[in-house]
Amino acid sequence: MKKQLVSYLWLILGSFLLVFMGWRWNAPFAVWLAPVFLMRFFRQQGRWAATLPAIPLMTLALFANITGSWDFSLAAEIGIGLIRATPFLLALTLDRALARRMRPGLATLVYPVAYVAADYLLGLSPLGTTFSAAATQFEAKTFLQFAAVAGIWGLDFVMGWAAAVVNLAWERGFDLKAAGSVVAVFAVSLSLILAAGGFRLAHAPDAPTVRVAGVTVPHPRDYWGAVIDLGTPPAEAQRYAAEAADLEDALFAASERAVEAGAKIVFWSEGNAVLYPETVDAFFARAQDFAKTHQVYLAPAYIIFQYGEATSDNAMALITPAGEIAYTYTKTKTWYPTDSDGVIHSADTPYGRIGGAICFDADFPSFIHQAGKQGVDIMLVPAFDWKPIKPYHTQVGLFRALENGMSIVRQVNTGTSMAVDYQGRLLAYQDYFTTEDRTMLADVPTRGIKTGYAVLGDGFAYLSIALTIFFLIVALRRQFAGGAQSGASKS
């Protein structure tokens, strides 16, 4: 009885640590510790049904981590809590089934590859990698460099492997001799990853820089909620025409100040300009004239009201110093209907290849991998967040810089704006809520670097899926074999 109570203590402790897994309250080391205790609980249960209390407890913890930070109903927030718990639950269940039926070294790989597989598949859903365990590790710059090879899936794997190795040592009384060579292999592997990360940070190639300005002008209201969600009735939309004109004037004025401060590339936060079908042509003529007059690359981000539709063109454009439109791009990963072609666009410039994506797009590694394959050097990411998730949501998208060997500048309305280079080093930081002049300047490298991830993409995740399928087959074969033996002994 006492042993079972202690076991449930590990469940409670592991679940509680999940409250600090990213989003509203991010404590990076919590996600290393939580699986250690949860795995201990799962492995101590004789029957799989005894693990069922983990479902509501883990769901509750992850619900607490997000509640009130998204514009979702209570039921939806609980559902998201359960979805977030699913990769852990699946990996823990498979680990429990096989941990004592395989050689120790191989057994420690079951949980991490299963978690990577489940996390990758969740990342393909509309939630993206926003809730991935790896996304909590942005501040661990040395460890982070591994993402340049294996993507965030490599970070997932190492953290999961650590939990399995600690449990192996725990089960053997933390006697390192009894734990055998498994602990040594993990320790050497982690040391090599950290040493390589440190070397990579210390020997970054030199590259000339260009000054990039991110511009934000506060919206006087939520135009999505006030107009678009109502179906964009023309009369309601026209109520804000004068307001939209003032916004446009303020954006161009702030952009001019940014040019005076030395910016050669200027872009705006997500949907910052509010346009009407009848004002689009005049707006682009003004933007093209601005870029040509000031000899800068201008990337305005804007929404266009679509009368009678609960959607908008949430887009950006890159305009050259010659006044030509290099490309336009419409947001792809969005909760609203979109006519995006799903293609990342980029253009060669004297300051490197410049690409663009919008806000939530950057939460999808497979999508942004297009930029890595295109050799993008600087990625401009206009965004629009909200206070409870700053700075975490910005950090989630910045992993794409390390993966693809490019610098990213993310300019955010009502959030945290950040610029990082291809190693995740912070170049600029701005908090919307504590800054009066919301123009962020960053000197950004004009050349990116080649990375393993840019070549291999999500290969590490695919390998993890293959290994998970293998482990599932092993588990099922042993389950059937055990059932057959039990039937034979009864007869």
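Listing for the model above:
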read-out	value
Count - residues of the stretch 1-27 that are surrounded by fewer than 16 Cβ atoms within 10 Å (Cβ to Cβ), under 20 Å from the mean Cα position of the chain (by Cα) and under 19 Å from VAL166 (Cβ atoms)	1
Any hit, the stretch 312-331, residues being touching a residue at least 40 places away in the same chain (Cβ under 8 Å), among the aromatic types (Phe, Trp, Tyr) and assigned by TED's automatic domain parsing to the domain that holds GLY214	no
Members of the stretch 138-180 found to be in contact with a Gly (Cβ under 6 Å, 6 or more places away or on another chain), in a helix (DSSP H, G or I) and among the polar types (S, T, N, Q), listed by number	THR142
All positions within the stretch 440-457 that are part of a strand (DSSP E or B) and either surrounded by fewer than 18 Cβ atoms within 10 Å (Cβ to Cβ) or in contact with a helix residue (DSSP H, G or I) (Cβ under 8 Å, 6 or more places away or on another chain) (or both)	LEU441, ASP443
Helices (runs of 4 or more DSSP H) wholly inside the stretch 40-107 that include at least 1 residues being of a type in the set (Phe, Trp, Tyr)	54-66, 74-98
Some residue of the stretch 427-442 being more than 15 Å from the chain's Cα centre (by Cα), among the aromatic types (Phe, Trp, Tyr) and at pLDDT below 95	no
Residue tally, condition over 23 Å from ASP339 (Cβ atoms), touching a helix residue (DSSP H, G or I) at 6+ places or on another chain (Cβ under 9 Å) and in a helix (DSSP H, G or I), over the stretch 283-309	3
Contacts under 7 angstrom Cβ, first residue in the stretch 292-307 being under 13 Å from ALA254 (Cβ atoms), partner among the basic types (Lys, Arg) and crowded, with 24+ Cβ neighbours inside 10 Å, 6 or more apart	none
Residues of the stretch 265-282 that turn out to be crowded, with 23+ Cβ neighbours inside 10 Å and part of a loop (DSSP other than H, G, I, E, B), as a count	4
Residue match in the stretch 57-70 (condition: under 30 Å from VAL182 (Cα atoms) and under 25 Å from the mean Cα position of the chain (by Cα))	yes
Candidate set from the stretch 200-224 (those that are among the small types (Gly, Ala, Ser) and under 26 Å from the mean Cα position of the chain (by Cα)); member that is modelled with the lowest pLDDT	ALA204
Of all residues in the stretch 309-322 being buried (at least 17 other Cβ atoms within 10 Å of the Cβ) and modelled with pLDDT of 95 or more, the one that is nearest to THR349 (Cα to Cα)	THR320
Within the stretch 211-264, helices (runs of 4 or more DSSP H) holding 3 or more residues that are of a type in the set (A, V, I, L, M) and surrounded by 14 or more Cβ atoms within 10 Å (Cβ to Cβ)	241-260
Sole residue being closer than 24 Å to ALA261 by Cβ and at pLDDT 95 or above, chosen from GLY397, GLY415, GLY459	GLY415
Given (1) without any contact (Cβ under 8 Å) to a residue 24 or more places away in the chain; (2) within 17 Å of LEU33 (Cα to Cα), index of the condition GLY79 fails	(2)
Residue within the stretch 431-439 that is assigned to a strand (DSSP E or B), of a type in the set (S, T, N, Q) and surrounded by fewer than 24 Cβ atoms within 10 Å (Cβ to Cβ) present	yes
Leading residue by the ranking (surrounded by the most Cβ atoms within 10 Å (Cβ to Cβ)) among those in the stretch 368-390 that are without any contact (Cβ under 8 Å) to a residue 40 or more places away in the chain and closer than 12 Å to TYR329 by Cβ	VAL381
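The values are calculated or read from the model by the stated rules, or taken from the named source; none is laboratory data. Treat the numbers as computed from the prediction; the structure is a model and nothing was measured. Quick reminder, even Gly has a Cβ in these numbers, built from the backbone with ideal geometry, and neighbours come from all protein chains shown.
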